[in-house]
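Enquirer: I'd like to ask some things about the structure below.
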Amino acid sequence: DTWRYAFEEALEEVQGKYAQKFKEEVEANSDHTVELFPFGTLGESADIMEQAQSGILQFVDQSPGFTGALIPEAQVFFVPYLLPEDQDQLFSFFRNSKAIKELFPPLYEAQGLELLTMFPEGEVMMTTQEPVASPEDLNEVKFRVMTNPLIVESYQAFGATPTPLPWGEVYGAMQTGIIQGQENPAFFIESTKMYEVSEHITRAGHNNFTTAVMANKEFYDGLSDEDKQVVQDATQAAFDYILDYQDGLTEESLEKIMEAKPSMTITELSEEERQPFRDTAESVEAEYLEIGGEQAQAILDQMKADLEAAAGASGG
Ligand code: 6CS
């Protein structure tokens with residue numbers, strides 16, 4: 001059969017690299033073919049999700065930043081400073097998290113989706129027109145966020161005026177000044193040329209971009225045991241590959257940005273400067289428990305236990 005797989009990025013960006021590896025594995029180990037649909041070929045993120053839910057697509061990569069509108073629990077990824085900055089701890093968390101492997105799957109199932117994996121894409125950085133060293137500097141800055149209520153809360157707590165937008169509108173909105181800030185990992189700021197329409201990059205260390213890959217559940221349930229194994233093995237191989245792929249990616253991307261635009265500033269906030277941003281975590285977490293759905297508390301507790309285990313495992 002031909003399996004259709006859509007994602008939110010271009011072929012040579014992180015989600016595309018993951019998808020290419022998944023395709024390669026499936027095709028090497030079965031008679032099936034995987035047809036890849038990069039960003040823009042089938043619409044915005046919300047469109048490909050609908051297509052996966054209705055079975056037009058067999059696979060979809062949609063980030064919790066968008067899924068949080070559908071599965072409120074997925075908004076947990078927007079509690080600032082919840083995920084560790086240390087890469088070993090971060091990767092250990094994604095490899096072993098019980099929240100991801102056991103608690104999230106039933107929530108995705110209820111939406112007609114088989115959750116296959118979640119993986120990180122890189123440290124999230126702000127790009128703005130003016131330098132940012134404190135929440136005061138975000139005052140009156142219309143800041144584009146992905147479309148879920150908790151990240152709106154989070155950027156409000158950071159002092160900004162959050163503006164939820166689908167990805168396709170962000171470059172134009174920055175260019176015309178409708179928004180004056182946005183956040184994304186370095187590789188994406190580089191590949192989408194977001195640096196052309198912003199002047200400053202700020203590293204507050206508040207998050208890592210998480211994404212998720214799923215299958216249409218009816219399709220997945222209808223597969224033979226052998227084909228399910230092919231899908232699971234390809235998922236695991238692509239997961240290992242994509243963590244390796246990210247080694248050094250952030251620094252390389254920042255270098256490319258500086259080459260393309262020498263006037264760009266890249267500022268890593270000090271611990272002291274980060275403190276007021278960090279201080280918002282408590283209130284955003286409380287808001288998550290309010291709006292994060294019935295399983296919010298269970299997910300948050302399990303995430304924290306998983307993160308503690310990951311910190312222990314990597315000696316951190
Ligand atoms: O900011 C966004 O909306 C996009 N950012 C990344 C890194 N991937 C896909 C997503 O649509």
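Enquirer: Once the dipole of the chain is set up with Lys and Arg at +1 and Asp and Glu at -1 on Cβ about the Cα centre, which of Gly312, Ile291, Pro64 lies farthest towards its positive end?
Expert: Positive-most Cα among the choices belongs to Ile291.
Enquirer: Compute the semi-axes of the equivalent ellipsoid of segment 36-88, taking the square root of 5 times each eigenvalue of the Cα gyration tensor, and list them largest first in whole Å. Before the final figure, lay out the partial values.
Expert: On the way: eigenvalues 132, 37, 17 Å².
Each semi-axis is the square root of five times an eigenvalue, giving 26, 14, 9 Å.
Enquirer: Students often check this: by mean Cβ neighbours within 10 Å, which of 257-264, 146-153, 170-177 ranks highest, and how do the rest follow?
Expert: Details: 257-264: 13.2, 146-153: 22.9, 170-177: 14.8.
Ranked from most to least packed, the peptides come out as 146-153, 170-177, 257-264.
Enquirer: Output the Kirkwood hydrodynamic radius of segment 42-170, Cα pairs only, in Å rounded to one decimal. Walk me through the intermediate numbers first.
Expert: Numbers: mean 1/r = 0.0617 Å⁻¹.
Evaluated over segment 42-170, this radius sits at 16.2 Å.
Enquirer: Further question: Would you kindly give the portion of the calculated P(r) for segment 138-295 that falls above 20 Å, as a percent of all Cα pairs? Walk me through the intermediate numbers first.
Expert: Working: 7759 of 12403 pairs.
Pairs farther apart than 20 Å: 63 percent.
Enquirer: Starting from the Cα-Cα distance between Thr41 and Met258, subtract it from 0.36 nm times their residue separation and give me the gain in nm to one decimal. Intermediate results must be reported in sequence, preceding the final value.
Expert: Numbers: separation 217, 0.36 × 217 = 78.12 nm, distance 3.01 nm.
Between Thr41 and Met258, full extension yields an extra 75.1 nm.
Enquirer: If every alpha-carbon in segment 161-238 counts as one equal scatterer, what log10 I(q)/I(0) does Debye give at q = 0.25 1/Å?
Expert: So the normalised log intensities are -1.25.
Enquirer: Another question, then. Of all DSSP beta bridges in the chain, what percent run antiparallel (nearest 5)? Present the calculation step by step, with values, prior to reporting the outcome.
Expert: Numbers: 20 of 37 bridges.
Beta bridges within the chain, antiparallel portion: roughly 55 percent.
Enquirer: For the chain, take the convex hull of the Cα atoms, compute a quarter of its surface area, and give me that in nm², please. List each step's numbers first, then the result.
Expert: On the way: hull surface 60.6 nm².
Averaging across all directions leaves 15.2 nm² for the Cα convex hull.
Enquirer: How high is the relative contact order of segment 181-316, given as a whole-number percent (alpha carbon pairs under 8 Å, six or more residues apart)? Could you put the intermediate results ahead of the total?
Expert: On the way: 54 pairs, mean separation 53.8, N = 136.
For segment 181-316, the relative contact order is 40 percent.
Enquirer: Compute the length gained on full extension between Leu11 and Ser314: take 0.36 nm times their separation in residues and subtract their Cα-Cα distance, giving the result in nm to one decimal. Please report the intermediate quantities before stating the final value.
Expert: Working: separation 303, 0.36 × 303 = 109.08 nm, distance 3.21 nm.
Here the answer is 105.9 nm.
Enquirer: Roughly how tilted is helix 249-260, in degrees to the nearest 10 and between 0 and 90, from the longest Cα axis of the chain?
Expert: Its long axis makes an angle of about 50 degrees.
Enquirer: Remind me, relative contact order of the chain in percent, using alpha carbon pairs under 8 angstrom and six or more residues apart?
Expert: Values: 573 pairs, mean separation 85.6, N = 316.
The normalised contact order for the chain reaches 27 percent.
Enquirer: What angle, in degrees between 0 and 90 and rounded to the nearest 10, separates the Cα long axis of helix 45-54 from the longest principal axis of the Cα atoms of the chain?
Expert: 20 degrees
Enquirer: Using only the Cα atoms of segment 221-293, construct the convex hull and provide its projected area averaged over every direction, in square nanometres to one decimal. Please list the in-between numbers first.
Expert: Values: hull surface 39.3 nm².
If I average the Cα hull's projected area over directions, I get 9.8 nm².
Enquirer: For the chain, find the longest principal axis of its Cα atoms and tell me its angle to the long axis of helix 87-96, 0 to 90°, nearest 10.
Expert: 30 degrees
Enquirer: Shifting gears a bit: Just to verify a number: FRET efficiency for Asp1 and Gln236, C-beta to C-beta distance, R0 = 30 Å, to 0.05?
Expert: Working: r = 21 Å, r/R0 = 0.71.
Working from the Cβ atoms, E equals 0.90.
Bear in mind these aren't lab numbers, they're just calculated from the coordinates by the rules spelled out. Just so we're clear, the structure is a prediction, and the values are computed from it rather than from any experiment. Reconstructed Cβ throughout: ideal geometry from the backbone, glycine too, with neighbour counts over all protein chains shown.
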